[in-house]
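The values are calculated or read from the model by the stated rules, or taken from the named source; none is laboratory data. Values in this document were obtained by computation on a predicted structure and should not be read as measured data. Positions of Cβ are generated from backbone atoms using ideal geometry, with glycine treated the same way; all protein chains shown enter the neighbour counts.
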Amino acid sequence: MVTAATYRKQPLLRSAGRLTLVRDALFALAEELGWDLQAWAVLPNHYHFVAISPDQPETLRSLVRRLHSATARAVNVEDGTLGRRVWFQYWDSRITFQKSYFARLKYVHTNPAYHGLVPVADRYQWCSAAWFERTAQPSFVKTVMSFPIDRLNVLDIQCRLECGGMPPP
């Protein structure tokens with residue numbers, strides 16, 4: 001699982017175009033480097049993803065660096081702020097227990113609703129909730145969504161206020 005935040009939690013990704021930029025760059029790099037995305041959520045000031053690593057898990061560092069580099073350049077060009085720091089850092093954790101995996105899947109799938117951006121996560125086009133509900137076996141969806149997440153220790157960026165209350169798409 002990977003979590004990354006914008007510098008000083010600034011909602012630099014507030015627009016639909018920027019959220020799409022980060023999501024699509026994540027998809028492209030994950031595919032190129034062989035990472036199998038299981039869940040993702042891109043919010044105005046942070047993102048999360050859960051993925052199954054390829055045979056070379058050390059490529060995660062390259063994935064994140066390239067994602068941050070490309071998206072920071074694009075955001076800064078758009079804002080006319082070349083050289084501004086966009087991303088702060090990222091945290092990754094290797095999930096080794098099935099229950100932990102299920103809880104983190106739920107956490108990432110439901111993250112936009114958790115932060116109050118939408119009432120139901122499947123209405124947020126920059127996360128995997130709708131895709132998960134559409135493509136996974138109904139019994140698996142039910143299992144994952146039944147897991148409690150209140151005791152998870154995820155380095156998340158609290159953005160209920162900082163996200164700026166972006167309206168649902």
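Among the residues of region 83-104, count how many are hydroxyl-bearing (S, T, Y) and either within 16 Å of the chain's Cα centre (by Cα) or within 29 Å of T71 (Cα to Cα) (or both).
At the first step, the residues of region 83-104 found to be hydroxyl-bearing (S, T, Y) are 90, 93, 96, 100-101.
Now narrow it down to the ones that are either within 16 Å of the chain's Cα centre (by Cα) or within 29 Å of T71 (Cα to Cα) (or both): 90, 93, 101.
Residues meeting the conditions: 3.
If you take the residues of region 16-47 that are more than 13 Å from Y124 (Cα to Cα) and of a type in the set (S, T, N, Q), which of them is modelled with the highest pLDDT?
Q38
Tell me, yes or no, whether region 53-65 has at least one residue that is acidic (D, E), in a helix (DSSP H, G or I), farther than 23 Å from F140 by Cβ and out of contact with any Pro (no Cβ under 6 Å at 6 or more places or on another chain). Walk me through it before giving the result.
Kept after step one, since they are acidic (D, E), are these residues of region 53-65: 55, 58.
Filter once more, so that each one left must be in a helix (DSSP H, G or I): none.
No, every residue in region 53-65 fails to be acidic (D, E), in a helix (DSSP H, G or I), farther than 23 Å from F140 by Cβ and out of contact with any Pro (no Cβ under 6 Å at 6 or more places or on another chain).
Inspect all residues belonging to region 129-150 and state whether any of them is loosely packed, with under 13 Cβ neighbours inside 10 Å, over 19 Å from the mean Cα position of the chain (by Cα) and of a type in the set (D, E).
No, there is no match, as no residue in region 129-150 is loosely packed, with under 13 Cβ neighbours inside 10 Å, over 19 Å from the mean Cα position of the chain (by Cα) and of a type in the set (D, E).
Kindly indicate the residue of region 123-151 that is of a type in the set (A, V, I, L, M, F, W, C) and assigned to a loop (DSSP other than H, G, I, E, B) and also modelled with the lowest pLDDT among those meeting that condition. Steps first, please.
So the first thing to find is which residues in region 123-151 are of a type in the set (A, V, I, L, M, F, W, C), and the list is 126-127, 129-132, 136, 140-141, 144-145, 147, 149.
Those still in the list that are assigned to a loop (DSSP other than H, G, I, E, B) too: 126, 136, 147, 149.
Details: W126: 98, A136: 97, F147: 91, I149: 85.
For region 123-151, the residue satisfying everything is I149.
Across region 18-71, what is the total count of residues that are surrounded by fewer than 14 Cβ atoms within 10 Å (Cβ to Cβ) and either in contact (Cβ under 8 Å) with a residue 60 or more places away in the chain or among the β-branched types (V, I, T) (or both)?
Result for region 18-71: 1.
In region 80-98, which residue that is surrounded by 12 or more Cβ atoms within 10 Å (Cβ to Cβ) and modelled with pLDDT of 95 or more is farthest from V2 (Cα to Cα)?
Pass one, region 80-98, residues surrounded by 12 or more Cβ atoms within 10 Å (Cβ to Cβ): 81, 84-88, 90-93, 95.
Now drop any that are not modelled with pLDDT of 95 or more, which leaves 81, 84-87.
Numbers: T81: 27, R84: 23, R85: 20, V86: 17, W87: 14 Å.
Step by step, filter region 80-98, then rank; the result is T81.
Only one of V120, V154 is surrounded by fewer than 19 Cβ atoms within 10 Å (Cβ to Cβ), modelled with pLDDT under 95, on the phi < 0 side of the Ramachandran plot and not aromatic (F, W, Y). Can you tell me which?
Details: V120 fails: modelled with pLDDT under 95.
Within the list V120, V154, the selection yields V154.
Could you give every pair whose Cβ atoms fall below 9 Å, whose first residue belongs to region 135-152 and is under 13 Å from H109 (Cα atoms), and whose second residue is among the β-branched types (V, I, T) and assigned to a helix (DSSP H, G or I), counting only separations of at least 6 or pairs across chains?
Matching pairs, first to second residue: A136/V144.
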